[in-house]
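Following: one structure in structure tokens, then a few remarks.
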Amino acid sequence: MDYYPPTGIAILMIGMAMLLCCQAVDGSSRLVKRSNSYYSSSEYGFTAHPQYSTSCNFEHDLCGWSQMTGIDTFDWSRHSGPTESFGTGPQNDHTFRNGSGHYLYIEASSPRKKGDFADLLSPPLYTPRNVDKVQVNFYYNMYGVGIGKLEVYVIYAKHKFEEKLLFLKSGNQEKLWRSHQLQFRPQFNEYQIFFRGIIGNTYDGDIAIDDIAVYSQ
């Protein structure tokens, strides 16, 4: 299967469970002690107390989802109404289907180039031991002749630091919001989900997501 190699997040999370020299906001270097426990706070949230489910329509904020730094190329943008480029992106959000509702998208215009990608990481999640399936529901919009790829992964930050591809869609999917539901059996009780948007060939390749829900079944 042809997809962008997802190596960055696993490498970063291995480092964040150890003593690392990381980059401060002001550009200076500092030594930060990071715990491998989910009951300790973390800049990226993967050591926070896990929860059983998460959902977000992006109307007010990211609902605990995180923009990754240091591994991806740029960030997802929270937006309402049409995107800035003609011939790509949704006209409205999915939740309210009007200009006041919000969604997340990746802007494919300059300075972006083919292969650039943005990652959005869920809060830490936990599956009860008597439950063996996780459901992931979301809506996506991939309209434009220059569309790249949308990928969804599960990662086990506390354990094997491995990423598993759960969903991949590429190319123009027409001018509408499409729904997708998937199920998977987690290898470990603690896990996280992340969405990766990858820039395609041209500027008319905006990819949007909305109304995400992740929960145990």
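Bear in mind that the values in this text are calculations on the coordinates, not laboratory data. For clarity, every value in this text was computed on a predicted model and none was experimentally measured. A quick note on method: Cβ atoms are made from the backbone with ideal geometry, for glycine too, and the neighbour counts reach across all protein chains shown.
Relative intensity of region 49-100 on a log10 scale, I(q)/I(0) at q = 0.13, 0.14 Å⁻¹, equals -0.45, -0.51, per a Debye sum over C-alpha point scatterers of equal strength in the absence of solvent. Pull out a ≥ b ≥ c, the square roots of the eigenvalues of the alpha-carbon gyration tensor of region 127-178, then state rounded if a/c is under 1.5, prolate if not and a/b is larger than b/c, and oblate in the remaining case. Judged from the Cα gyration tensor, region 127-178 comes out oblate (a/c at least 1.5, b/c at or above a/b).
Restricting attention to region 115-217, lysine pairs at least eight places apart or on different chains and with alpha-carbon atoms under 18 angstrom apart total 4.
Using R0 = 25 Å, the C-beta based FRET efficiency linking Phe86 and Leu62 works out to 0.35. Applying a DSSP loop filter and a limit of 13 other Cβ atoms within 10 Å to the trypsin sites (Lys or Arg not before Pro) in region 152-197 leaves Lys160. Computed on the Cα trace of region 48-159, the radius of gyration divided by the Kirkwood hydrodynamic radius gives Rg/Rh = 0.98.
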